[in-house]
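These notes are about the structure you will find just below.
The values are calculated or read from the model by the stated rules, or taken from the named source; none is laboratory data. Computed from a prediction, not measured in an experiment: that's the story for all the values here. So basically every Cβ, Gly included, is an ideal-geometry build from the backbone, and we count neighbours across all protein chains shown. Accessible surface is based on the protein model in full, side chains and every heavy atom, while ligands, DNA and RNA are left aside. Shrake-Rupley method; radii C 1.70, N 1.55, O 1.52, S 1.80 Å.
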Amino acid sequence: MIKAVDNKKTIAELTPLGDSAVVVTFGSEMSISTHKQIMALMNMLEDTPFEGFVESVPAFTNLTIFYDPLIVYQTYQGKDSSLISPFKIVSALIEKKLASLTHHKNQPSHTVEIPVCYGGEYGPDLQDVAKINGLTPDEVISIHSSGEYLVYMVGFAPGFPFLGGMSEKIKAPRRSSPRASIPKGSVGIAGMQTGVYPISTPGGWQLIGQTPKPLFLPEQNPPSLLEAGNIVKFIPITEHEFLKFTKER
């Protein structure tokens, strides 16, 4: 592990992941400030990549940076005899970027509206979420659809967004018995998080609604509707609007 230090303060820890990736960890807790650091480094690498850079993948508290070790070694090894491995070379390059991280401006957040038909067969756990929190189903819908949610990361299933910013008033634990199959587009709650299942998959989140809007688009590039840094707003729709949207697809 290598610690990146600025003014005697550790700003990140760099650890190897196999022989072709570095994990840059900014802390142990999910927060907006940590997310901004992750996105700033990711954008900096996209704007000014080093030789051998492949891609970077953001998560809640870290950024994983993938590289081609052969290209890195051939390009940079001869410039500093102390850098004897691709990991140390890449770590040194990342440390230089981290030193100027505060001066890098993040790209403006892109807001995506997602229509949701709440309750009934589309949200079979809405009543349970309401009961857990001492609310009515309509109050849960109102609270959930009035928020703005930050996409911290995309994963678990293709295009699945992990969203932060949900009100504590509607938090709910995962189901004690996960479902073997959840319809694609299902909107769920687990703890203080909400998210959308882009494909049919097993899962244990509390389902409160469903969107007819596709989140996983394999024929497009990129194939995910959402990406880290986006802002999501849920828009309540009727069953009639849900079915109409589905037929028009």
Which number in (1) more than 19 Å from G185 (Cα to Cα); (2) modelled with pLDDT of 95 or more marks the one condition that K97 misses? (2)
Which of (1) open to solvent by 30 Å² or more (accessible area, probe 1.4 Å); (2) over 30 Å from P214 (Cβ atoms); (3) at pLDDT 90 or above; (4) not aliphatic (A, V, I, L, M) is the odd one out, the single condition S91 does not satisfy? (1)
Residue count for segment 144-185, restricted to those that are closer than 21 Å to N230 by Cβ, without any contact (Cβ under 8 Å) to a residue 40 or more places away in the chain and of a type in the set (S, T, Y): 2
Just to be sure I understand the filter: pairs with C-beta atoms under 9 Å, separated by 6 or more residues or on different chains, first member in segment 236-249 and free of Cβ contacts under 8 Å to residues at least 60 places away in the same chain and among the polar types (S, T, N, Q), second member open to solvent by less than 70 Å² (accessible area, probe 1.4 Å) and outside any helix (DSSP H, G or I). Which pairs pass? T246/P212
Selection from segment 184-235 of residues out of contact with any Lys or Arg (no Cβ under 8 Å at 6 or more places or on another chain), under 17 Å from S167 (Cα atoms) and open to solvent by 20 Å² or more (accessible area, probe 1.4 Å) yields Q193, I231, K233, I235
With the requirement that a residue be surrounded by 16 or more Cβ atoms within 10 Å (Cβ to Cβ) and modelled with pLDDT of 95 or more, what does segment 164-174 give you? M166, I170, K171, A172
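Per-residue answers, yes or no, for (1) outside any helix (DSSP H, G or I); (2) of a type in the set (F, W, Y); (3) crowded, with 16+ Cβ neighbours inside 10 Å; (4) modelled with pLDDT of 90 or more:
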| residue | (1), (2), (3), (4) |
| --- | --- |
| T34 | no, no, yes, yes |
| A40 | no, no, yes, yes |
| F50 | yes, yes, yes, yes |
| L63 | yes, no, yes, yes |
Give the residue that is surrounded by the most Cβ atoms within 10 Å (Cβ to Cβ), with candidates limited to residues of segment 100-123 that are among the small types (G, A, S) and at pLDDT below 95. S109
If you go through segment 130-163, how many residues are open to solvent by 70 Å² or more (accessible area, probe 1.4 Å) and not polar (S, T, N, Q)? 6
